[in-house]
């Protein structure tokens, strides 16, 4: 049972980061970013490229690990800005921005996969283990360094983002824009520059998730598809825009995935996840966030 | 130099033209009341000053600098820059941030430039104008009553370092006594070299307390309201 809980926490950490990126982007600029999978893969390849060079220079240990994490986040943040330059800035004040940007990000996602295929080929690229190899035993169960590291790094990153949003001026501007775009414009908050900032931050979170997930899987041209789907499921279940809701939904979905994989079958996971999100949206149209926060919209 | 010099301003949304070739000049220290029925363009007029209309055309000089001009799309795109030059708008329907506390809502009015550092002092000043807000500072703005929300919205506009304050229908939807207090507090504020435009449907609320009153009818500025009041002088530079 403890193994299931640990596995659930690891899954929640990895997918929760993408989900928060999707959720923030939707709530602040009204764009459902289907290119989040492309952004995910961009971080994976950037980290892989860095690892290639770093190993060539003989770098190892903490330097290598920290670099992989940082370059993964950096690559995805840049990809987020790239998506913003194509799907957000030119379309932002047109009619039907939500539909247009949805189509634009879908296009980036599809074309992006082909670009990765051309640049890096179809082979899977492994990332070096960031947290070292080994296990710690806690009572009857144990967890690997990779699992422990994933949970800690994701939690610290999430805490930093929440702290920044709660206490800094830029964070306050971002939250203001999420709640009332007109009010934000009236107090001098630019939707365009704040929107790009949101895309960069969402990208960095996605890049971190990409590096963490690549500890278990590989980086490949299509490796962003499944995380995008799970991220979308979590952000929907959490009630797009609510950070506490998204965190709760990540825990719930992670647990569901871990339980299904352990007691049923791995192949049933998507069915179970979609069933959960459908049920949540039937009974709680605003997702779990509606339960956790008294005032929204 | 005039605070605001508007010349031939037309504005609207899509195919609809709401404002027809308006001109208006406001001098430092002036309080202008803008009265008129619903749907005659008061809100559009205030919105056009900060670039929040669908399209607009005509010169808007703010302290000698052009902030208007012809614009066919890009609603609100220039608004943050215009606001940062020193124009504060308390828009119709509050537009406060429901999930932020009253304190954070007020502070958001001081985002622009160096005012952020003096936000505590500014907040104290707002609480002197609207004392009922003092015990509510930590409360989430979405849970406030209509009158309190309006105070937050107007207070947020007053937090900034503006020289032109635009207040859109401060009394809308409020109980008479509450709107009376709110407008009274608003009109007692020391503007210094600044100026203020208050759009208001309820003429008796502002009558005699503003320097001039203009009527707004079918997207045009009229003097008849001022003439009807007798002793209220017409605003400078109005072309009919």
Given the criteria part of a loop (DSSP other than H, G, I, E, B), in contact (Cβ under 8 Å) with a residue 12 or more places away in the chain and either more than 10 Å from chain A (Cβ to nearest Cβ) or closer than 29 Å to residue B:204 by Cβ (or both), does residue B:170 qualify? yes
Go through the residues of the stretch A:23-43 one by one and say whether even a single one is surrounded by 17 or more Cβ atoms within 10 Å (Cβ to Cβ), in contact with a helix residue (DSSP H, G or I) (Cβ under 6 Å, 6 or more places away or on another chain) and without any contact (Cβ under 8 Å) to a residue 40 or more places away in the chain. no
Residue list for the stretch B:100-135, filter: crowded, with 16+ Cβ neighbours inside 10 Å and within 9 Å of chain A (Cβ to nearest Cβ): B:100, B:104, B:105, B:107, B:108, B:109, B:110, B:111, B:112
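Tell me, please, whether a residue that is more than 8 Å from chain A (Cβ to nearest Cβ), outside any helix (DSSP H, G or I) and without any contact (Cβ under 8 Å) to a residue 40 or more places away in the chain can be found in the stretch B:174-182. Spell out the reasoning first.
Within the stretch B:174-182, the subset more than 8 Å from chain A (Cβ to nearest Cβ) is B:174-182.
Retained after the next criterion (residues that are outside any helix (DSSP H, G or I)): B:174-175.
With without any contact (Cβ under 8 Å) to a residue 40 or more places away in the chain added as a condition, the list becomes B:174-175.
So far as the stretch B:174-182 goes, yes, one or more of its residues are more than 8 Å from chain A (Cβ to nearest Cβ), outside any helix (DSSP H, G or I) and without any contact (Cβ under 8 Å) to a residue 40 or more places away in the chain.
Kindly check whether there is at least one residue in the stretch A:128-142 that is assigned to a helix (DSSP H, G or I) and touching a strand residue (DSSP E or B) at 6+ places or on another chain (Cβ under 7 Å). Step through it out loud before you land on a result.
At the first step, the residues of the stretch A:128-142 found to be assigned to a helix (DSSP H, G or I) are none.
Within the stretch A:128-142, none of the residues are assigned to a helix (DSSP H, G or I) and touching a strand residue (DSSP E or B) at 6+ places or on another chain (Cβ under 7 Å).
Out of all the residues in the stretch A:195-209, is one or more in contact (Cβ under 8 Å) with a residue 40 or more places away in the chain, under 21 Å from residue A:81 (Cβ atoms) and within 14 Å of chain B (Cβ to nearest Cβ)? Explain how you work it out, then say what you get.
Quick first cut of the stretch A:195-209, residues in contact (Cβ under 8 Å) with a residue 40 or more places away in the chain only: A:195-196, A:198-209.
Applying the additional criterion that residues be under 21 Å from residue A:81 (Cβ atoms) yields A:195-196, A:198-209.
After this cut, where a residue has to be within 14 Å of chain B (Cβ to nearest Cβ) as well, the list is A:195-196.
The answer is yes, given that some residue of the stretch A:195-209 is in contact (Cβ under 8 Å) with a residue 40 or more places away in the chain, under 21 Å from residue A:81 (Cβ atoms) and within 14 Å of chain B (Cβ to nearest Cβ).
Okay, residues lined up against (1) modelled with pLDDT of 90 or more; (2) crowded, with 20+ Cβ neighbours inside 10 Å:
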residue: A:244; (1), (2): no, no
residue: A:248; (1), (2): yes, yes
residue: A:254; (1), (2): yes, yes
residue: A:258; (1), (2): yes, yes
residue: A:262; (1), (2): no, no
residue: A:271; (1), (2): yes, no
residue: A:281; (1), (2): no, no
residue: A:288; (1), (2): no, yes
residue: A:297; (1), (2): no, no
Residue under question is residue A:192, and the condition is that it be in a helix (DSSP H, G or I), at pLDDT 90 or above, surrounded by fewer than 24 Cβ atoms within 10 Å (Cβ to Cβ) and within 14 Å of chain B (Cβ to nearest Cβ); does it hold? no
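Looking at A:148, A:102, which is the one that is buried (at least 16 other Cβ atoms within 10 Å of the Cβ), part of a helix (DSSP H, G or I) and free of Cβ contacts under 8 Å to residues at least 40 places away in the same chain? Quick ask: steps written out before the conclusion?
On the way: A:102 fails: free of Cβ contacts under 8 Å to residues at least 40 places away in the same chain.
Result of the check over A:148, A:102: A:148.
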Can you tell me which residue in the stretch A:166-181 is surrounded by the fewest Cβ atoms within 10 Å (Cβ to Cβ), limited to those that are within 7 Å of chain B (Cβ to nearest Cβ) and over 22 Å from residue A:33 (Cα atoms)? A:169
Identity of the residue in the stretch B:48-64, in contact with a helix residue (DSSP H, G or I) (Cβ under 9 Å, 6 or more places away or on another chain) and within 11 Å of another protein chain (Cβ to nearest Cβ), that ends up farthest from residue B:3 (Cα to Cα): B:52
Can you name the condition, by its number, that residue A:143 falls short on among (1) over 19 Å from the mean Cα position of the chain (by Cα); (2) crowded, with 23+ Cβ neighbours inside 10 Å; (3) touching a residue at least 40 places away in the same chain (Cβ under 8 Å)? (2)
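To keep it simple, each residue is scored yes or no on (1) touching a helix residue (DSSP H, G or I) at 6+ places or on another chain (Cβ under 8 Å); (2) within 21 Å of residue A:168 (Cα to Cα); (3) without any contact (Cβ under 8 Å) to a residue 12 or more places away in the chain.
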site	(1), (2), (3)
B:66	no, no, yes
B:72	no, no, no
B:79	yes, no, no
B:85	no, no, no
B:88	yes, no, no
B:102	yes, yes, no
B:109	yes, yes, no
B:122	yes, yes, no
Being surrounded by fewer than 20 Cβ atoms within 10 Å (Cβ to Cβ), assigned to a helix (DSSP H, G or I) and modelled with pLDDT of 90 or more narrows A:163, A:158 down to just A:163
Anything in the stretch B:83-99 that is modelled with pLDDT of 90 or more and either within 21 Å of residue A:95 (Cβ to Cβ) or more than 9 Å from chain A (Cβ to nearest Cβ) (or both)? List them, or say none. B:87
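If I filter the stretch B:138-160 down to residues being within 11 Å of chain A (Cβ to nearest Cβ) and outside any helix (DSSP H, G or I), which single residue comes out as modelled with the lowest pLDDT?
First pass over the stretch B:138-160, keeping only residues within 11 Å of chain A (Cβ to nearest Cβ): B:139-144, B:152-153, B:156-157, B:159-160.
Next, from what is left, pick out any that are outside any helix (DSSP H, G or I): B:139-140, B:144, B:160.
On the way: B:139: 91, B:140: 90, B:144: 90, B:160: 86.
If we take residues in the stretch B:138-160 being within 11 Å of chain A (Cβ to nearest Cβ) and outside any helix (DSSP H, G or I), then B:160 is modelled with the lowest pLDDT.
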Could you check the stretch A:79-96 and list, in sequence order, the residues that are within 14 Å of chain B (Cβ to nearest Cβ) and surrounded by fewer than 24 Cβ atoms within 10 Å (Cβ to Cβ)? A:89, A:90, A:91, A:92, A:93, A:94, A:95, A:96
Can you tell me how many residues in the stretch B:68-82 are more than 20 Å from residue B:112 (Cβ to Cβ) and within 7 Å of another protein chain (Cβ to nearest Cβ)? 3
With the structure loaded, tell me whether residue A:75 is within 19 Å of the chain's Cα centre (by Cα), crowded, with 23+ Cβ neighbours inside 10 Å, farther than 25 Å from residue A:242 by Cβ and in contact (Cβ under 8 Å) with a residue 60 or more places away in the chain or whether it fails that test. yes
Taking the stated definitions as given, is residue A:44 within 23 Å of residue A:148 (Cα to Cα) and in a helix (DSSP H, G or I)? yes
Name the single residue that is nearest to the chain's Cα centre (by Cα) among those in the stretch B:100-117 being modelled with pLDDT of 85 or more and farther than 21 Å from residue A:195 by Cα. B:106
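The values are calculated or read from the model by the stated rules, or taken from the named source; none is laboratory data. Note that this is a predicted model, so its numbers are computed, not measured. Quick reminder, even Gly has a Cβ in these numbers, built from the backbone with ideal geometry, and neighbours come from all protein chains shown.
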